[in-house]
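Below is one structure, written out as structure tokens, with a few remarks after it.
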Amino acid sequence: MTPEVKRVLLDCDPGHDDALAIMLAAGDPRIDLVGITTVAGNQTLAKTTANACIVAAVAGLTDVPVVAGHDRPLLRELLTAPGIHGESGMDGPAVPEMVNGPRPGHAVDFIVDTILAEPGEITLVATGPLTNIASALRKAPELTEAATELVIMGGAYGPGNITPVAEFNIFVDPEAAAIVFGAPWRVTMFGLDVTHQALCMDADQERIAGLGTPQATFANDLLDFFRSTYRREQQMADPPIHDACAIAYVADPTLFEVRPATVAVETHGVLTAGMTVTTWAQPGEHSPHDVGVGVRREAFFDVIVDAIAALS
């Protein structure tokens, strides 16, 4: 049986786990990646955009446009994560010789034009701060009806990773996140509570390295660096592959357990800015959002390994 193919526009801030999300989107037969837009987050916009172009070259995405977006949050100073992702934002792998640069234009315009040109056809996935998505909504509120769905990696209903209650992507631009969650569309959120279950064990990384392809070597080098920084900065033996969860859900929702909820973003709290305040829906009660709570970890990595193998 031919799998259902979903057309995806990915907004991201590569980042090691963003890079793996791009490779998953490139290699999974159920995903048709129509574009990559970038935002400042894990590193500056210049670096996240360069990294997206590098991964696109490695994954063979020669016809997929990369378009740069906002270089700072809507209202706040930019916070980056060199302690986790290094000075380049994607330290570890060697950079390929042939890398195309980004296309002219702005990510917000690309998001709006791409989705409105084909209403009901494009799934929007966001794995970085939500600055571009919020700006796109301000420019074209009708995106909430035109996009097939919005799936994000960000937030947490439990503890955070940049503050006790806030996850990094949301904390970087909580005002943008508040706009996105407050808009009249269904947001599916994969926060730390589920992505911290999507840990890359040694055996998973060995499977990737064992593929022996240039793409697998690139992914293995990503994971080596990511593993080392998570051990040093987060005291975690195995790195969570956060952003690939959002792409994997689009490819195969059965990999995850989600629960209906209402998510509100705290923007004013001195100690709680960026908190995604999650109220679970009662049985039969309408809710505007879905929140990931579980992942079938082994099957998730089967999907990642198969996608990387398909890139050779």
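Within the option set Pro239, Pro260, Pro184, being within 22 Å of Leu150 (Cα to Cα) and out of contact with any Asp or Glu (no Cβ under 7 Å at 6 or more places or on another chain) holds for one residue only, Pro184. Considering the stretch 94-129, the residues that are under 27 Å from Gly191 (Cβ atoms), of a type outside the set (Ser, Thr, Tyr) and touching a His at 6+ places or on another chain (Cβ under 9 Å) include one that is surrounded by the fewest Cβ atoms within 10 Å (Cβ to Cβ), namely Val108. Inside the stretch 134-168, residues that are in contact with a strand residue (DSSP E or B) (Cβ under 7 Å, 6 or more places away or on another chain) and not in a loop (DSSP other than H, G, I, E, B) make up a count of 6.
Does at least one position in the stretch 11-34 carry a residue that is acidic (Asp, Glu), touching a strand residue (DSSP E or B) at 6+ places or on another chain (Cβ under 9 Å) and part of a loop (DSSP other than H, G, I, E, B)? Yes: the stretch 11-34 contains one or more residues that are acidic (Asp, Glu), touching a strand residue (DSSP E or B) at 6+ places or on another chain (Cβ under 9 Å) and part of a loop (DSSP other than H, G, I, E, B).
Among the residues of the stretch 223-233, are any closer than 15 Å to Arg297 by Cα, of a type outside the set (A, V, I, L, M, F, W, C) and assigned to a helix (DSSP H, G or I)? Within the stretch 223-233, not a single residue is closer than 15 Å to Arg297 by Cα, of a type outside the set (A, V, I, L, M, F, W, C) and assigned to a helix (DSSP H, G or I). In the stretch 272-295, of all residues being in a loop (DSSP other than H, G, I, E, B) and buried (at least 16 other Cβ atoms within 10 Å of the Cβ), the one that is nearest to the chain's Cα centre (by Cα) corresponds to Gly274. Of the listed requirements (1) in a strand (DSSP E or B); (2) within 16 Å of Pro214 (Cα to Cα), Leu61 misses just one: (1).
Yes or no: the stretch 190-201 includes at least one residue that is under 25 Å from Arg296 (Cα atoms), assigned to a helix (DSSP H, G or I) and in contact with a Cys (Cβ under 6 Å, 6 or more places away or on another chain). Yes; the residues of the stretch 190-201 include at least one that is under 25 Å from Arg296 (Cα atoms), assigned to a helix (DSSP H, G or I) and in contact with a Cys (Cβ under 6 Å, 6 or more places away or on another chain). Cβ separations smaller than 9 Å between residues 6+ apart or across chains give the following pairs from the stretch 63-74 residues that are farther than 10 Å from Cys53 by Cα to residues that are modelled with pLDDT of 95 or more and among the acidic types (Asp, Glu): Gly69/Asp11; His70/Asp173; Arg72/Asp173; Pro73/Asp173; Pro73/Glu175; Leu74/Asp173; Leu74/Glu175.
The values are calculated or read from the model by the stated rules, or taken from the named source; none is laboratory data. These numbers were taken from a predicted model, which means no experiment stands behind them. All Cβ positions, even for glycine, are placed from backbone atoms using ideal geometry, and neighbour counts span all protein chains on display.
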